[in-house]
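Let me begin by presenting the structure, written as structure tokens, before commenting on it.
Bear in mind these aren't lab numbers, they're just calculated from the coordinates by the rules spelled out. Note that this is a predicted model, so its numbers are computed, not measured. Cβ: placed from backbone, ideal geometry, glycine included. Neighbour counts: every protein chain shown.
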Amino acid sequence: MHLTWNSNEKRRVMTSNFILFAFMIFSVLYMFLAPKSNDALVANTIEALKFFTVESNIFIGIAALISFIYNKKDLNPKWVSILKYVSTGTVALTFFTVMVYLGPLIGYISLLQGTNLFMHLVTPVYAIFHWLIIEPKSKNLKFKHTFLTIIPSTLYGIVYMTNLAITKGYGTTENDWYGFGTFGLGIGMIVFLVMLIMMYGLGVLLYFGYIKWFNKKAATE
């Protein structure tokens, strides 16, 4: 879809998308290149890709880059809006999981220092801000698309819980790094279900915030 905007609006949106992409690149490079630390849920190898935090940050960074490329051409395809929406939902889940679950469980200090400061706080909060305030409003985004926000976390959860069931590594940092199975597979499944419900709730809030509450200007024809 074609964007109808002035040069200042275009510059603001493109700059914000570039910032999101830059946050992702910085976080990933810092994670792999920085000296090993005692930060929680961090790895300096390809093993880092097992963390939903890392995957969600890479997802939003790629979505921002794609959006940047299309915005430069004054375009905002439906699929790009949906991609941006779903990726914003994943980092929103990362942020709220840290705030309400992992923070009390592991400790906020280790979760909010080093690369974790960006992956758990700065990038998610900025991504939510961008989506609600800066992202061009697309008339093609519908309420039915809210269900798409649970797809990434559902796929991740299936792999995570299947790995737990196979390895029996309940409560171990090697196989249960988020601690979902600390009290057994059954409780872990309940925690996983709660996370999916929270993800959908965040998806609904991001949808209405985008459509109704904050970003009032419809820039997409």
Read-out percent of Cα pairs over 32 Å apart, derived from the coordinates shown; its label in (i) 26; (ii) 20; (iii) 15: (ii)
Principal-axis tilt of helix 185-208 within the chain, Cα atoms, nearest 10 degrees: 10
Nearest 10 degrees, 0 to 90: helix 78-97 Cα axis against the chain principal axis: 40
Too-long pairs where the Cα-Cα distance tops 26 Å, listed order kept, from K50/K78; K50/K142; K84/K144: K50/K78; K50/K142
Amide H contacts of L75 (H built 1.01 Å from N, under 5 Å, at least 5 apart or other chain): L3
Relative contact order (%) - the range 7-213, alpha-carbon pairs under 8 angstrom, separation at least six: 22
Crossing angle, helix 151-167 versus the chain [Cα axis fit, 0-90 degrees, rounded to tens]: 10
About the Cα centre, charge dipole magnitude for the chain (Lys/Arg +1, Asp/Glu -1 at Cβ), debye: 940
Total charge dipole magnitude, the range 60-191, about the Cα centre, Cβ charges on Lys, Arg, Asp, Glu only, Debye to nearest 20: 660
Rounded FRET efficiency, nearest 0.05, which uses the C-beta distance separating K72 from I158 and R0 of 35 Å: 0.45
